[in-house]
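K.L.:
Below you'll find the structure I mean.
The values are calculated or read from the model by the stated rules, or taken from the named source; none is laboratory data. Everything quoted here is computed from the prediction, not taken from an experiment. In this analysis, Cβ positions are derived from the backbone assuming ideal geometry, glycine residues included, and neighbour counts consider all displayed protein chains.
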Amino acid sequence: MRIALCGSIAFYDEMLNAKKKLERMGHSVELPPLEIPDGEGNRISVKEYYRIRKESSEDERWVWERKKEAILEHFRKIRDCDAVLVLNYEKNGIKGYVGANTLMEMGLALFLGKRIFLLNSVPEMQYREEILGVNPIVLDGKLEKIC
């Protein structure tokens, strides 16, 4: 199966580990971009971009253009995959965190008729109902449950 990994960029190391495990299981895996061009066109790591973005104002145009480009690039990967796997670990004191961007990706996957896997249980968040509404297959932390 071809699987697009989704989740907070704060979980990028976990995404890389999940990619390796899934590939050993015979799956093909797509990740969010590893690098993004900065304001001068130099390639920076997605983690560095994430740090910069968190400190940026709305006026820093290049930051938000890159965000848009990254969203669209990952949407194309989701379109071309069979399923999405949301890596939802603890973040900001929320177990199983699913951020707004990841929720958009889950909505796109639903619209496109893709299978939606959620690594950990559905979090207690303001938009819990929306997460439940996409009918994710909860893996209880076990990648080997993907079929």
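K.L.:
So Val98 clears everything in (1) surrounded by 18 or more Cβ atoms within 10 Å (Cβ to Cβ); (2) under 18 Å from Glu14 (Cα atoms); (3) more than 17 Å from the chain's Cα centre (by Cα) except one condition, right? Which one?
P.N.:
(3)
K.L.:
What's the number of the only condition in (1) of a type outside the set (Ser, Thr, Tyr); (2) surrounded by 17 or more Cβ atoms within 10 Å (Cβ to Cβ); (3) not in a strand (DSSP E or B) that Ile3 fails to meet?
P.N.:
So the condition that Ile3 fails would be (3).
K.L.:
What do you reckon, is Ile44 surrounded by fewer than 15 Cβ atoms within 10 Å (Cβ to Cβ), of a type in the set (A, V, I, L, M) and more than 14 Å from the chain's Cα centre (by Cα)?
P.N.:
It is false that Ile44 is surrounded by fewer than 15 Cβ atoms within 10 Å (Cβ to Cβ), of a type in the set (A, V, I, L, M) and more than 14 Å from the chain's Cα centre (by Cα).
K.L.:
Being in contact (Cβ under 8 Å) with a residue 24 or more places away in the chain and more than 27 Å from Pro136 (Cα to Cα) is the filter; apply it to segment 1-38 and report the residue that is nearest to the chain's Cα centre (by Cα).
P.N.:
If we take residues in segment 1-38 being in contact (Cβ under 8 Å) with a residue 24 or more places away in the chain and more than 27 Å from Pro136 (Cα to Cα), then Ile36 is nearest to the chain's Cα centre (by Cα).
K.L.:
Report the residue count in segment 61-94 for those that are at negative phi, loosely packed, with under 14 Cβ neighbours inside 10 Å and not in a helix (DSSP H, G or I).
P.N.:
Counting residues in segment 61-94 that are at negative phi, loosely packed, with under 14 Cβ neighbours inside 10 Å and not in a helix (DSSP H, G or I) gives 2.
K.L.:
Among what's in segment 107-120 and is touching a helix residue (DSSP H, G or I) at 6+ places or on another chain (Cβ under 7 Å) and part of a helix (DSSP H, G or I), pick the residue that is nearest to Arg2 (Cα to Cα).
P.N.:
Result: Ala109.
K.L.:
In segment 121-141, what count of residues is obtained for those that are among the polar types (S, T, N, Q) and either closer than 25 Å to Glu73 by Cα or not in a loop (DSSP other than H, G, I, E, B) (or both)?
P.N.:
1
K.L.:
Next up: Taking Glu144 as the residue in question, decide whether it is assigned to a helix (DSSP H, G or I) and either free of Cβ contacts under 8 Å to residues at least 40 places away in the same chain or surrounded by 13 or more Cβ atoms within 10 Å (Cβ to Cβ) (or both).
P.N.:
In short, no.
K.L.:
Could you pull out the residue among Glu130, Glu69, Glu58 that is over 18 Å from Ala10 (Cα atoms), at pLDDT below 95 and under 17 Å from the mean Cα position of the chain (by Cα)?
P.N.:
Criteria check complete, one pass: Glu69.
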